[in-house]
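Single-structure report; data block below.
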Amino acid sequence: MSNPLLVVSVTALGVGGATAVGAVLGFLLKRIPHRYNDAILGFSAGVMLAASVFGLIIPALNSGGKYGVVTVSLGIIAGALLLSYLDKVMPHLHHLIGVEGVSEEDHAEGTERLNKMLLFVLAIAIHNFPEGLAAGVSFGTGDIGNALLVAGGIALQNIPEGMVIISPLVISGASRGRALAIALGTGLVEVVGTFFGYFAVSISGAILPFALAFAGGTMLYVISDEMIPETHSHGFEKGATFSIIAGFIVIMIMDRLMS
């Protein structure tokens, strides 16, 4: 596929579609024991950590010129601050996705139940957009292999995310079909984010170093603030830690093989 836009389009669908794949697996596997969920999410965190470093931050430094370190530092901070602000107006995802033991009794009837479900969907969507943005911005380097590395890391993270969002939706009263449609909708947000990031850096290459670093900062924030605390809160920290390391090593090796 020599057409860059075609590659971006396929990548966007892959990143967003990974959430749908996870949602289907969530239906099939029902509730996943914390031991395995933490290991899967830990591996995904390691993958995203390596992808953000090798696919976004290092390329940002390489393209930043004389003041690249300053530009990249500001970009990372800006990305992290944006998500920090969003977290102040939206609850943390791990309080919403049901992995802390959601039961029927935890949900009120009627309007309150619907509001919780809508809040949940909005929180997922807000956190998914920067991930799609990171995938799209990474194509600005012109290194397709590097961009696919970032997109692949995000897609791998989206599978366990899709798996764990199904249960609370069903418990909140959504039908299985509606829950799946909502999961697809959260994936669609990443598709939009991917195209937004791609066209933003295509219009102005001057913003590429900052945009790459900004995307890297959002990913680092999600990893540190959402994923790692979740993997280390159920008594299976050691397994989750080694899963993070394993995920990082896998992407590091892929980066070397693709370079």
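The values are calculated or read from the model by the stated rules, or taken from the named source; none is laboratory data. All values derive from a computational prediction rather than experimental measurement. Cβ atoms come from the backbone with ideal geometry, glycine included; neighbour counts cover every protein chain shown.
Determine whether LEU83 is buried (at least 17 other Cβ atoms within 10 Å of the Cβ), assigned to a helix (DSSP H, G or I), in contact with a Leu (Cβ under 6 Å, 6 or more places away or on another chain) and at pLDDT below 90. Walk me through how you get there before you give the answer.
Numbers: buried (at least 17 other Cβ atoms within 10 Å of the Cβ): yes; assigned to a helix (DSSP H, G or I): yes; in contact with a Leu (Cβ under 6 Å, 6 or more places away or on another chain): no; at pLDDT below 90: yes.
Judged against the criteria, LEU83 is not a match.
Identify the residue in the range 141-191 that is outside any helix (DSSP H, G or I) and over 30 Å from SER63 (Cα atoms) and, among all such residues, is modelled with the highest pLDDT. The extreme case among them is SER175.
Let's see how each residue does on (1) closer than 12 Å to ALA60 by Cβ; (2) not in a loop (DSSP other than H, G, I, E, B); (3) not aliphatic (A, V, I, L, M):
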site	(1), (2), (3)
PHE196	no, yes, yes
PHE210	yes, yes, yes
GLY216	yes, yes, yes
TYR221	no, yes, yes
GLU230	no, yes, yes
ALA240	no, yes, no
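Under the condition of being outside any helix (DSSP H, G or I) and on the phi < 0 side of the Ramachandran plot, which residue from the range 2-53 is surrounded by the fewest Cβ atoms within 10 Å (Cβ to Cβ)? The selected residue is SER2.
Do you know which residues across the range 185-201 are of a type in the set (Gly, Ala, Ser) and either buried (at least 18 other Cβ atoms within 10 Å of the Cβ) or over 10 Å from GLY136 (Cα atoms) (or both)? Spell out how you get there, then give the answer.
Within the range 185-201, the first condition is being of a type in the set (Gly, Ala, Ser), and the residues that meet it are 185, 187, 193, 197, 200.
GLY185, GLY187, GLY193, GLY197, listed by residue number.
Could you please let me know if GLY42 is at pLDDT below 85 and not hydroxyl-bearing (Ser, Thr, Tyr)? Spelling it out, it is not the case that GLY42 is at pLDDT below 85 and not hydroxyl-bearing (Ser, Thr, Tyr).
Has the range 233-241 got at least one residue that is of a type in the set (Val, Ile, Thr) and either free of Cβ contacts under 8 Å to residues at least 60 places away in the same chain or crowded, with 24+ Cβ neighbours inside 10 Å (or both)? The answer is no; no qualifying residue exists.
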